[in-house]
Amino acid sequence: MRLPAAAVLLCLVDVLHAFAIEEKGDVFKRMACPAFLMFDNAAYLADMTFELPCNCKPEEVSSVIWYFQKNVGSHKTTVLTDFAGTVVVDSGHIHAGSDVLKRFSIRMFSLIVFRAQVTDSGHYLCGTKKGEFFYGYDVDVQPTKHITVAFVDRGQHVQDDYTEKLFSLFTAFWDWTRCDRCGVRGEQRRIGLCYVQSAQLHPRYRAAMANVTSCGSRAVPAHFQHPGRLRRPEVAIRSCLTPCPKEEVPEEGVQAISNVISKLGEKPWLPRVPTQFHKQPVGSGLIIACPGARPEHAVAWDKDSVRLYRSRYLVGVNKSMRVFIDHGNHLHIQWVQVSDGGTYFCWREGKMVAGFRLSVMYQHRHRRTFNDPETIYAAKAIGMSYVLISIVFIVIHVCRCCRR
């Protein structure tokens, strides 16, 4: 009976997949492209991954090309295309400082940009290789540097609204994230981005609310942009407590003998999560990322049984911090010491998902040879210093002789 049921299930999956593709095609039939190209406003925080769907295109167009421009009408245009729509980028191998050409993918006519940077702000246009444009976005990526942090438990408040005669600045907050831990005290985070409200915004740009757009949008007039740069994104953090979901325990006699045997010899005080082992030399720097986590997720870190709460370990809380958590949910350890050794556990969306066993070792000293790049560089630097000192010495003595 299981084989026919499996066959029926696979058929249903194929039917649903075909229905999803057909439904995607019906969207383009129902939505006509505007006669005059408009730009939808979208704001994100740096290091986030965002997706821009091509909401309209002619039915005869089977593939699209995305264009990137800093300003409308700019002669410098970057073409974003994989030529087939089949390139899949692994976000785990993306570096934050890399160019946008190495951080994008096109799937089902939608553009996906991984780990967006402030330099990625600008106009994104969906079109063809002939230069025909169908849909446009005005993307504003706001920086995490010098971000304003408010700890609600300490009575701290976010920034007040800034009002002028022709415009006003305020912060639009996203929903609170899930509690980053379960069964113990955890934390919630709320991200807020800078927005401006004015009746003098450029009419070519559209937003969810009339006369409201993000502070870095090209719809904001030039004489409004300076106050907008002074207002920074915000993050609010508060404590939370949520119970862990109950795991189903198999009935007596149902549990396999192999499972009982595998539990013998386990350490009950260690969480049962996949653990990675790593060795790090003393004095070096280390950055640990939680598997599968993104900046907008609720992520928490523990060292053995010690909770690394953001109220103490968030970057910027203390200027002399050596161990801290950045706004992208990465754990940083600067100038690794022997005391940093241990197991670091990662929570994602309220569930512990991974462990990181760190062993700190002393780096063995090795004797330098004349072929080492460091030796060659040191020899050149010392030689140039002696030559420079000799020239200065000779010039001084020649001048003294001429004066006499």
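The values are calculated or read from the model by the stated rules, or taken from the named source; none is laboratory data. Source: prediction; values computed, not measured. FYI the Cβ positions are ideal-geometry reconstructions off the backbone, even for glycines, and counts take in every protein chain you see. Side chains are part of the model used for accessible areas, which takes the heavy atoms of the whole protein and leaves out ligands, DNA and RNA. Shrake-Rupley method; radii C 1.70, N 1.55, O 1.52, S 1.80 Å.
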Can you name every residue in the stretch 145-158 that is within 24 Å of the chain's Cα centre (by Cα) and of a type in the set (S, T, N, Q)?
T148
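Evaluate the following for Y124: is it under 30 Å from V64 (Cβ atoms), open to solvent by less than 10 Å² (accessible area, probe 1.4 Å) and hydroxyl-bearing (S, T, Y)?
On the way: under 30 Å from V64 (Cβ atoms): yes; open to solvent by less than 10 Å² (accessible area, probe 1.4 Å): yes; hydroxyl-bearing (S, T, Y): yes.
It is true that Y124 is under 30 Å from V64 (Cβ atoms), open to solvent by less than 10 Å² (accessible area, probe 1.4 Å) and hydroxyl-bearing (S, T, Y).
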Taking the stretch 319-339 only, how many residues are closer than 21 Å to P291 by Cα and without any contact (Cβ under 8 Å) to a residue 24 or more places away in the chain?
2
Pairs with Cβ under 9 Å, 6+ apart, first in the stretch 372-387 and on the phi < 0 side of the Ramachandran plot, second surrounded by 10 or more Cβ atoms within 10 Å (Cβ to Cβ) and among the basic types (K, R)
E374/R368; T375/R368; A378/R368
Extreme residue, modelled with the lowest pLDDT, among residues of the stretch 25-48 that are surrounded by fewer than 18 Cβ atoms within 10 Å (Cβ to Cβ) and part of a loop (DSSP other than H, G, I, E, B)
M31
Is it the case that some residue within the stretch 176-186 is in a strand (DSSP E or B) and at pLDDT below 90?
no
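In this structure, is A172 assigned to a strand (DSSP E or B), open to solvent by 20 Å² or more (accessible area, probe 1.4 Å) and at pLDDT 85 or above? Even if it seems obvious, please write down each step before you answer.
On the way: assigned to a strand (DSSP E or B): yes; open to solvent by 20 Å² or more (accessible area, probe 1.4 Å): yes; at pLDDT 85 or above: yes.
Judged against the criteria, A172 is a match.
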